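Shown next, in structure tokens, is the structure this report addresses.
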Number of protein chains: 2
Amino acid sequence: MSRFAALVEVRLRPGIADPAGTTIERSLPALGFADVTGVRTGKAIRLEVEADDADTARSRVEELCRRFLTNPVIEDAEVTVEAAS
Amino acid sequence: MSRFAALVEVRLRPGIADPAGTTIERSLPALGFADVTGVRTGKAIRLEVEADDADTARSRVEELCRRFLTNPVIEDAEVTVEAAS
């Protein structure tokens, strides 16, 4: 068994309103950042998982996401896995 | 000028309490995920920025983070930049 570090990015699905992102985006021109657009906010969850290999670690984290960490109706999860340092 | 897609991961600095992460972690064994530990929650902000090159895009986003998107006392920001698709 080895330890793997995973980053789960939970994003609102396309088409789902993102009031926080919209609010940030609207304020940017007045703050001098008119060159920044398309702001979308989400959650970043870091964790470590014990597994035999990276693929097993990934599928465990994806299962965890499906069952507990995301609301599949409005959210997508993107999982990135690497060996824990 | 080109468009760049950036991902900003805003994390609590080491040592700063993360009640959400702790709550998730404590519930995992009962949910059958005792192999998952070290849960830390944060924010994931995606945005697009117009810039001459990737380095300029990165420094613009880092400036935006320092000034508006993070609380430097308790948060760190990690910026990833790539050409927009």
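The values are calculated or read from the model by the stated rules, or taken from the named source; none is laboratory data. None of the values given here were measured: they were computed from a predicted structure. For neighbour counting, all protein chains shown are included, and Cβ atoms are generated from backbone atoms with ideal geometry for every residue, glycine included.
Consider segment B:1-18 and keep the residues that are of a type in the set (G, A, S) and in a strand (DSSP E or B). The one that is farthest from the other protein chains (Cβ to nearest Cβ) is B:S2.
What are the residues in segment A:58-75 that are more than 9 Å from every other protein chain (Cβ to nearest Cβ) and either assigned to a helix (DSSP H, G or I) or not β-branched (V, I, T) (or both), if any? Outline the logic, then answer.
Narrowing segment A:58-75 to residues more than 9 Å from every other protein chain (Cβ to nearest Cβ): A:58-59, A:62, A:65-66, A:70-75.
If the condition is that a residue be more than 9 Å from every other protein chain (Cβ to nearest Cβ) and either assigned to a helix (DSSP H, G or I) or not β-branched (V, I, T) (or both), then A:R58, A:S59, A:E62, A:C65, A:R66, A:N71, A:P72, A:E75 are the ones that fit.
Considering every residue within segment A:59-67, establish whether at least one is over 17 Å from B:I24 (Cβ atoms), buried (at least 16 other Cβ atoms within 10 Å of the Cβ) and not hydroxyl-bearing (S, T, Y). Give the steps one after another, and end with the answer.
Step one: filter segment A:59-67 for residues over 17 Å from B:I24 (Cβ atoms), giving A:59.
Retained after the next criterion (residues that are buried (at least 16 other Cβ atoms within 10 Å of the Cβ)): none.
No, segment A:59-67 contains no residue that is over 17 Å from B:I24 (Cβ atoms), buried (at least 16 other Cβ atoms within 10 Å of the Cβ) and not hydroxyl-bearing (S, T, Y).
Among the residues of segment B:1-18, not one is surrounded by 14 or more Cβ atoms within 10 Å (Cβ to Cβ), of a type in the set (G, A, S) and either without any contact (Cβ under 8 Å) to a residue 24 or more places away in the chain or within 16 Å of A:V61 (Cβ to Cβ) (or both).
Of everything in segment B:22-58 that's surrounded by 14 or more Cβ atoms within 10 Å (Cβ to Cβ) and among the polar types (S, T, N, Q), which residue is nearest to A:R60 (Cα to Cα)? Restricting to residues being surrounded by 14 or more Cβ atoms within 10 Å (Cβ to Cβ) and among the polar types (S, T, N, Q), the top hit is B:T37.
Do we have B:E78 as in a strand (DSSP E or B), of a type in the set (D, E, K, R) and more than 8 Å from chain A (Cβ to nearest Cβ) here? Spell out the reasoning first.
Working: in a strand (DSSP E or B): yes; of a type in the set (D, E, K, R): yes; more than 8 Å from chain A (Cβ to nearest Cβ): yes.
Judged against the criteria, B:E78 is a match.
Residue pairs whose Cβ atoms lie under 9 Å apart, sitting 6 or more positions apart in sequence or on different chains, and linking a residue in segment B:19-38 that is facing another protein chain (nearest Cβ under 8 Å) and over 13 Å from A:R67 (Cα atoms) to a partner that is loosely packed, with under 14 Cβ neighbours inside 10 Å and of a type in the set (A, V, I, L, M), are B:D35/A:M1. One residue is enough: does segment B:31-44 have a residue meeting the conditions outside any strand (DSSP E or B) and under 20 Å from A:L12 (Cα atoms)? Checked segment B:31-44: no residue is outside any strand (DSSP E or B) and under 20 Å from A:L12 (Cα atoms). All but one of (1) in contact with a Phe, Trp or Tyr (Cβ under 9 Å, 6 or more places away or on another chain); (2) more than 9 Å from chain A (Cβ to nearest Cβ) hold for B:D52; which doesn't? It fails just one condition, (1). Suppose the filter is more than 20 Å from A:R46 (Cα to Cα), at pLDDT 95 or above and not polar (S, T, N, Q); does B:A17 pass it? Answer is no for this residue.
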